[in-house]
Amino acid sequence: MKNKYGFIPYSTQEITDEDIDEVKRVLKSKFLTQGPAVETFENLICKKVNAKYGIAVNSGTSALHIACLSLNLGNEDIVWTTPNTFLASANCARYCGAKVDFVDIDLKTGLMCLNALKAKLEKASSLGRLPKVLIPVHLSGNSCKMEDFFKLSKKYGFKIIEDASHAVGSKYKGEPVGCCKYSDITVFSFHPVKIITTGEGGIAVTNNAALAQSMKDFSSHGVVRDSKRFKRKPDGPWIYEQQKLGFNYRMTDIQAALGSSQIKRLEKIVIERNNLFNYYHDSFHGTAIKLLETPKDVYSSRHLGIIYLSDKTSEEHKKIFKNLKLRNIGVQLHYSPVHLHPYYRNIGFKHGDFPNSELYAKKAMSIPLYPGLTKEMQNYIISSLNYEIENV
Ligand SMILES: *Cc1c(COP(=O)(O)O)cnc(C)c1O
């Protein structure tokens, strides 16, 4: 079953002629990396999300890793995140040797459940096994209940890294996600499926100068170039010194130029994504198809259009999924629970540990949503969905 549009992915980048011109400009300049374009991009992001400091790196995953490192995560520590996320939200803790555990989700939103978090914290507190860091994930651009999470972080003494990979351009309680009002660090990804892209890329933003400096150091070998910060007496003007074990996670100027060009359109992109989402929403009215709920207090970037087929069995869900793929519609599951991947099973997790996330994975499906998707394509997707759901 072919259609005239070819394969329609669940998301993809939008590149304009202006984007290309900006990248070309850097390609013809003196610096392809470690030049001025990265700082320009960092400043633009900080201004958009209302954060003081930004460290741009070569992926969202790297941003999560340096965020964990700057909070001194180590072997003795515990990190909690959601099972309903991309693997990197949990892997970043494992890179630091920390233990990972998960907080189950709310089925209506797919987000980390506040009540489950409260209950787990109470129990962990009595056992003396509280997390050092919590990593909530703003699935599809919908912010978690950050004000409540923040209050709990003060009560129980943990830090918060917001995994906002989906949420650049989102707002929570009227303020941009990334302003770090309720967290220590916020991380964004610029993979091509996300809201804006740099090819590969990410950024960690914070209002804390010490954390910013530490993340900056970790992103480039742990090397310090500012002689005022040297720990040994410099024996010449050429010296730099390595103070920590860092990585080469630097973003290139080529990537940063693309990002700076893209971020100019952020509001427009998010409005277009909202329009596409609303068209789905209105079209599904009165049918068996339901989109995940958007929490109140949230203006969403609409990274994903996730439908939830509550009355379908796991087998029916799989069949609908397969048939839509045959129609060249790039449906996806966001996400297959992290704790059930072989790596996490090998370290002790099993079926039944996080029942809501496991149930969710049998019902949820992301449908195509990205700037450039036409109404005609949306109508094709909607009618295909209705047909496959009715005839499964
Ligand atoms: C995309 C994504 C990441 C990782 O970002 P990369 O830039 O691909 O490394 C982390 N967490 C979530 C929730 C993501 O969607």
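The values are calculated or read from the model by the stated rules, or taken from the named source; none is laboratory data. Predicted, not measured: the structure shown is a model, and the values here were computed from it. For neighbour counting, all protein chains shown are included, and Cβ atoms are generated from backbone atoms with ideal geometry for every residue, glycine included. The accessibility values were calculated without ligands, DNA or RNA, using every heavy atom of the protein model including side chains. Shrake-Rupley method; radii C 1.70, N 1.55, O 1.52, S 1.80 Å.
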Excluding TYR172 itself, calculate the net charge of residues whose Cβ lies under 12 Å from the Cβ of TYR172, where each Lys or Arg counts +1 and each Asp or Glu counts -1. 0
Residue-ordered couplings for segment 22-39, obtained by feeding phi - 60° into the Karplus form 6.51 cos²θ - 1.76 cosθ + 1.60 and rounding to whole Hz (Gly and Pro as x), are 5, 5, 4, 4, 5, 4, 9, 8, 6, 10, 8, 8, 6, x, x, 5, 5, 5
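Can you give me the accessible area per residue for the chain, using a 1.4 Å probe, in Å²?
Values: 17880 Å² over 392 residues.
That works out to 46 Å² for each residue.
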Quick one: net charge around ILE269, please, counting Lys, Arg +1 and Asp, Glu -1 for every other residue with C-beta under 14 Å from its C-beta. +2
Please work out how much length the chain gains when fully extended from GLU316 to PHE230, using 0.36 nm per residue of separation minus the C-alpha to C-alpha distance, in nm with one decimal. 24.7 nm
Which lysines does LYS363 reach when only Cα atoms under 20 Å apart count, and residues fewer than 8 places away in its own chain are ignored? LYS108, LYS290, LYS312, LYS318, LYS319, LYS322, LYS325, LYS350
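Given the Cα-Cα distance of ALA119 and LYS325 and 0.36 nm per residue of separation, how much length would full extension add, in nm? Let's see the in-between values first.
Numbers: separation 206, 0.36 × 206 = 74.16 nm, distance 3.97 nm.
70.2 nm is the gain from fully extending ALA119 to LYS325.
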Counting C-alpha atoms alone, how compact is segment 239-283: give Rg to one decimal and Dmax as a whole number, in angstrom. 19.4, 64
Bridge type composition, the chain - antiparallel percent by DSSP, nearest 5: 65 percent
Interchain or sequence-distant (5+) residues whose placed amide H lies within less than 5 Å of the amide H of GLU162 are ASP184, ILE185, THR186, VAL187
Looking at segment 275-392 from every direction and averaging, what is the projected area of its Cα convex hull in nm²? 8.6 nm²
Ranked by GNM mean-square fluctuation in the chain (Cα springs under 10 Å), the top entry among ARG345, ARG232, ARG265 is ARG232
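Taking all protein chains as present, what is the carbon and sulfur share of the accessible area of the chain, in % to the nearest whole number, probe 1.4 Å? Working shown, then result.
Values: 9340 of 17880 Å².
C and S fraction of accessible area: 52 percent.
Strictly over 21 Å apart at the Cα level, which of LYS296/LYS362; LYS181/LYS244; LYS52/LYS155; LYS52/LYS264; LYS47/LYS264 would you flag in this model?
On the way: LYS296/LYS362 26 Å; LYS181/LYS244 29 Å; LYS52/LYS155 25 Å; LYS52/LYS264 19 Å; LYS47/LYS264 11 Å.
Those over the limit are LYS296/LYS362; LYS181/LYS244; LYS52/LYS155.
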